[in-house]
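First comes the structure, then the notes that go with it.
The values are calculated or read from the model by the stated rules, or taken from the named source; none is laboratory data. Values in this document were obtained by computation on a predicted structure and should not be read as measured data. A quick note on method: Cβ atoms are made from the backbone with ideal geometry, for glycine too, and the neighbour counts reach across all protein chains shown.
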Protein chains: 2
Amino acid sequence: MTGDFSKLNFCIVGMGLIGGSYARALRNIGAGKILGVDVRQDALDAALAEGCIDEGDTEGDRFLPRADVFIFCLYAPVMKAWITERASRFLPGTLLTDTAGIKGHMPEEIQQLLPAGVEFLAGHPMAGREGQGFEKSDGTIFRGAGYIIVPHSRNTAGNISWLACLARALGCRRAAVTDAASHDRLIAYTSDLPHILAAVLMNSGTFREGLSSFTAGSFHDMTRIADMNSALWTELLMENRDILSGEICAFQNRLETLKQMLERCDKKQMKAFFEEASERKRALNHEENSGQFKKIFL
Amino acid sequence: MTGDFSKLNFCIVGMGLIGGSYARALRNIGAGKILGVDVRQDALDAALAEGCIDEGDTEGDRFLPRADVFIFCLYAPVMKAWITERASRFLPGTLLTDTAGIKGHMPEEIQQLLPAGVEFLAGHPMAGREGQGFEKSDGTIFRGAGYIIVPHSRNTAGNISWLACLARALGCRRAAVTDAASHDRLIAYTSDLPHILAAVLMNSGTFREGLSSFTAGSFHDMTRIADMNSALWTELLMENRDILSGEICAFQNRLETLKQMLERCDKKQMKAFFEEASERKRALNHEENSGQFKKIFL
């Protein structure tokens, strides 16, 4: 696959917040044709009116022979159904990629549906925004973000490199190449668990009207994500529940350890615990702010 | 006490980040003389050079007969020692207030040190910044913040109203009047617990180099305060440990409940839990963004 994006045609399936953001960002980097698929005609009309897609279709079948790259920005089961129905009609050399938050065995399962020469390479941009729908899409969400690439055994080195290249072109600052199990384990920690903690913190019996006089930045930032799409997050967390349950248990153990330090007034241990956390946070900030694009293998 | 701040002289004891911020904000609202006390001569020199205090002193004894209001921006034990040494020399009609994060029995204990006609009224501005020292002070930290006023039985209605008035003048959006036990309970929830959760989240065994490719805004915001002043926070949490320990237990129970919903795949209950959290967060955001200054009694 060429790194000259102007020579490639992209088909985005699912023109919501994420799909719309890809369309805008691809337009900004001078991609070839950008084709949009969505069951909502109004999303396609809006995208056409704003010039971020060249053509739109509610089914997408006519784009099958024309796109070099398909980017799926759909719930995983919907994506799987869409691909299953059309699997035999992708042309050899086509690359399919996705944006789903949990991978599990899905990448191999989709690969098995596809004819020889058609490759599915799982991806997960760590980018988003509050809200949903094309009207909330924003081509800048990739800037400074991480992009996770999750190859299975049949992916080719060339396509893995190409997707990292695309991530860089979209404005991402980091691309990590890792397997599905590691991806799901790390996401349980960096994304699933924070959403749970924010909700559990909000639902305290101590919460009351007038609390805003007692909340400074710490509470405000820590609960920002407590206002979430409850149906979507319930599905995402349930999909990852075995790994997530282990991550919660580990969190519970550490919290209990810290509570015991508090109860026995062990200042020395508590201070050391906080120093460890502070060091880690500074190291993470340092990584996040590193200016150079980095591709890492985990 | 007059609400015409230009007719009042203020003495700020402790010219660090918070004290310096008071000095700047008081200057901005046209307060009378602003007198600064700090053991560090360089902090006083800097404050003088920037024009935010009129006079500085490393001891402060000479300001005792000259200030109408003392604002203590010191660790509580240091404040208590400073006041004890000079208690008999405050003039009748003087108001003392503080900024300590935990109140307990401290307000009554300080009041008992003081001669008749001298009043200590505890306060806690929910304002701050990263870092420490006068060089990090900023007169705008009060803007939009809450200001907690914690009267004891011997405080007068006039001084309580006056302190709310000052909070409003400094730019605060809310003032809450409450007792020390409620203050400490709410702070355990809104400030102490978030710092603990941030540290516990950072100290996961899943943390590793390269994690920055997997962290989006949710993890970033939730762990912002994990880089903390470990010694200071250890002291603050230990001071509030009985109440805080109860708040942690309640958090543990809710987290366990949610984990069980996850493990038995109870989507309906989990979704309801998240909807409750979302509603609360929206209600809190609404309170925080309310434009009118409000004084509430909890």
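Structure notes:
- Number of residues in segment B:179-192 that are of a type in the set (A, V, I, L, M, F, W, C) and at the interface with chain A (Cβ under 7 Å from one of its Cβ atoms) equals 2.
- Of all residues in segment A:267-276, those satisfying the criterion of being under 13 Å from residue B:237 (Cβ atoms) and at the interface with chain B (Cβ under 9 Å from one of its Cβ atoms) are A:267, A:270, A:271, A:273, A:274.
- Boolean, residue B:206 is more than 7 Å from chain A (Cβ to nearest Cβ) and either among the hydroxyl-bearing types (Ser, Thr, Tyr) or surrounded by 23 or more Cβ atoms within 10 Å (Cβ to Cβ) (or both): no
- Here residue A:228 fulfils each of the conditions (1) free of Cβ contacts under 8 Å to residues at least 60 places away in the same chain; (2) over 29 Å from residue B:274 (Cβ atoms) apart from (2).
- Residues being within 21 Å of residue B:78 (Cβ to Cβ), of a type in the set (S, T, N, Q) and outside any loop (DSSP other than H, G, I, E, B) - total across segment B:28-64: 1
- Of all residues in segment B:239-247, none satisfies being under 21 Å from residue A:277 (Cα atoms), without any contact (Cβ under 8 Å) to a residue 24 or more places away in the chain and over 25 Å from the mean Cα position of the chain (by Cα).
- From B:25, B:67, residue being at pLDDT 95 or above, on the phi < 0 side of the Ramachandran plot, assigned to a loop (DSSP other than H, G, I, E, B) and buried (at least 22 other Cβ atoms within 10 Å of the Cβ): B:67
- Residue within segment B:193-210 that is over 18 Å from residue A:222 (Cβ atoms), touching a strand residue (DSSP E or B) at 6+ places or on another chain (Cβ under 8 Å) and not basic (Lys, Arg) present: yes
- Residues satisfying the stated conditions in segment B:206-223, i.e. of a type in the set (A, V, I, L, M) and part of a helix (DSSP H, G or I): B:211, B:222
- Among the residues of segment B:5-16, those identified as over 13 Å from residue B:37 (Cα atoms) and either free of Cβ contacts under 8 Å to residues at least 60 places away in the same chain or hydrophobic (A, V, I, L, M, F, W, C) (or both) are B:5, B:6, B:7, B:8.
- Positions within segment B:207-238 being over 28 Å from the mean Cα position of the chain (by Cα) and acidic (Asp, Glu), in sequence order: B:209
- Among the residues of this structure, residue A:262 counts as one that is over 12 Å from residue A:195 (Cβ atoms), of a type in the set (A, V, I, L, M, F, W, C), at the interface with chain B (Cβ under 8 Å from one of its Cβ atoms) and touching a Ser or Thr at 6+ places or on another chain (Cβ under 9 Å).
- Residue A:33, sole failed condition from (1) farther than 18 Å from residue A:142 by Cβ; (2) touching a residue at least 40 places away in the same chain (Cβ under 8 Å); (3) of a type in the set (Lys, Arg): (2)
- Count of segment A:166-194 residues which are surrounded by fewer than 20 Cβ atoms within 10 Å (Cβ to Cβ) and part of a helix (DSSP H, G or I): 6
- Scan of segment B:70-102 for residues that are closer than 14 Å to residue B:10 by Cβ and not in a loop (DSSP other than H, G, I, E, B), ordered by number: B:70, B:71, B:72, B:95, B:96, B:97, B:98
- If you filter segment B:79-121 down to residues that are β-branched (Val, Ile, Thr) and modelled with pLDDT of 95 or more, you find that the one that is surrounded by the fewest Cβ atoms within 10 Å (Cβ to Cβ) is B:84.
- Members of segment A:133-165 that are over 15 Å from the mean Cα position of the chain (by Cα), closer than 29 Å to residue A:45 by Cα and buried (at least 20 other Cβ atoms within 10 Å of the Cβ): A:134
- Among the residues listed as B:56, B:30, the single one being closer than 21 Å to residue B:165 by Cβ and either among the hydroxyl-bearing types (Ser, Thr, Tyr) or at pLDDT 95 or above (or both): B:30
- Residue B:281 touching a helix residue (DSSP H, G or I) at 6+ places or on another chain (Cβ under 7 Å) and more than 22 Å from residue A:220 (Cβ to Cβ): no
- Residue in segment A:31-44 that is more than 24 Å from residue A:153 (Cα to Cα), in contact with a Gly (Cβ under 8 Å, 6 or more places away or on another chain), buried (at least 23 other Cβ atoms within 10 Å of the Cβ) and of a type in the set (D, E, K, R) present: yes
- Subset of segment B:231-257 (residues that are under 18 Å from residue A:197 (Cβ atoms), exposed (fewer than 15 other Cβ atoms within 10 Å of the Cβ) and among the small types (Gly, Ala, Ser)): none
- The residue of segment B:258-298 that is modelled with the highest pLDDT, among those that are exposed (fewer than 13 other Cβ atoms within 10 Å of the Cβ) and within 23 Å of residue B:164 (Cβ to Cβ), is B:286.
- Positions within segment B:14-50 being of a type in the set (Val, Ile, Thr) and out of contact with any helix residue (DSSP H, G or I) (no Cβ under 6 Å at 6 or more places or on another chain), in sequence order: B:18, B:37, B:39
Here is a yes/no grid of residues against (1) aliphatic (A, V, I, L, M); (2) more than 25 Å from residue B:124 (Cβ to Cβ):
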site	(1), (2)
B:30	no, no
B:34	yes, no
B:37	yes, no
B:49	yes, yes
B:58	no, yes
B:62	no, yes
B:71	yes, no
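- Filtered by the rule that a residue be more than 7 Å from chain A (Cβ to nearest Cβ), more than 27 Å from residue B:270 (Cα to Cα) and modelled with pLDDT of 95 or more, segment B:217-257 gives B:240, B:242, B:243.
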